[in-house]
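Peer 1: The structure that follows is given in the form of structure tokens.
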Amino acid sequence: MFRQRCRVLKVLLIVVFVATVFLHFIFLPTVNGGYNDECFLPEGKRHILRTMVQNISMAFDKFGVQYWLDYGTLLGAYRLGDILPHDHDADISFLLSSDPSKAFQELAKSGIAAAGIKARFKNVVVDFVPWRVEYTKTRGIGKVVLHKAYPVEVLEKDNIVTRYHHKLQSFPQSWVLPPKRVNFHGVSVSVPNSPARVLAHRYPYTFGAFGVQFPYKWKCWVPCSLRKGNTC
């Protein structure tokens, strides 16, 4: 009996070890580009991100692009009215039916290079997430949903895990449109009309179930004495 329990424990330890290696070295760095970054953003980079979000929002407003802050940027706007201190980039979603080209030209005047699904200033990036409106039926009841609509050339560069994750990304349009306005560090920006529902959908456990802050960077969880870093 004792030997059998030891074998079971050994198998469990091996499974935990393999799962930890997979999560730490493959899965989490893939789904979160900032996983290996320092825990907190340098204040200079945070300022640039904040300014980029503000300028992009104003340009989108000016040229009628239907957009909203999303993912960690929405979480920061919801909790702080600002960029989260431990974020690494910014995310702004928009409807695929909108044409952001004139807004991109406007942004170029302030030095922000925006094209496709990225905006760049120096070494800082804002991701644009396009969404397509779809009409579906469930048990005979029609509903309107938003479905993530990355271009094929973008999806082809992603691995199978990320591509599968993108395909699952959809939610009711009524959670977002019509959007509402919030103050983002002194600038009025667009967010979903039901930000809590969108955030619970994005982060079902950390935000939805438990309501806790959970930085997706391993260095936020490891004491400085066990690692080397600029913020230690």
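Peer 1: What is the calculated FRET efficiency for F63 to N193, with r their C-beta to C-beta distance and R₀ = 25 Å, to the nearest 0.05? Present the calculation step by step, with values, prior to reporting the outcome.
Peer 2: On the way: r = 21 Å, r/R0 = 0.85.
That gives a FRET efficiency of 0.70.
Peer 1: Related question: So between Q54 and A115, what do we pick up on full extension, going 0.36 nm a residue minus the alpha carbon distance?
Peer 2: Contour length minus Cα-Cα distance gives 20.2 nm.
Peer 1: Then there is this: Taking the inverse of the average 1/r across all pairs of different Cα atoms in the range 36-117, what Kirkwood radius in Å do you get? Mind dumping the intermediate values first?
Peer 2: Numbers: mean 1/r = 0.0752 Å⁻¹.
After inverting the mean inverse Cα-Cα distance, the result is 13.3 Å.
Peer 1: Per residue, how much accessible surface does the range 39-152 expose to a 1.4 Å probe? Answer in Å², no decimals.
Peer 2: Numbers: 5320 Å² over 114 residues.
Solvent-accessible surface per residue comes out at 47 Å².
The values are calculated or read from the model by the stated rules, or taken from the named source; none is laboratory data. Predicted model only: the values in this text are computed from it and were never measured. Every residue, glycine among them, receives a Cβ derived from its backbone with ideal geometry; neighbour counts consider all protein chains shown. Side chains are part of the model used for accessible areas, which takes the heavy atoms of the whole protein and leaves out ligands, DNA and RNA. Shrake-Rupley method; radii C 1.70, N 1.55, O 1.52, S 1.80 Å.
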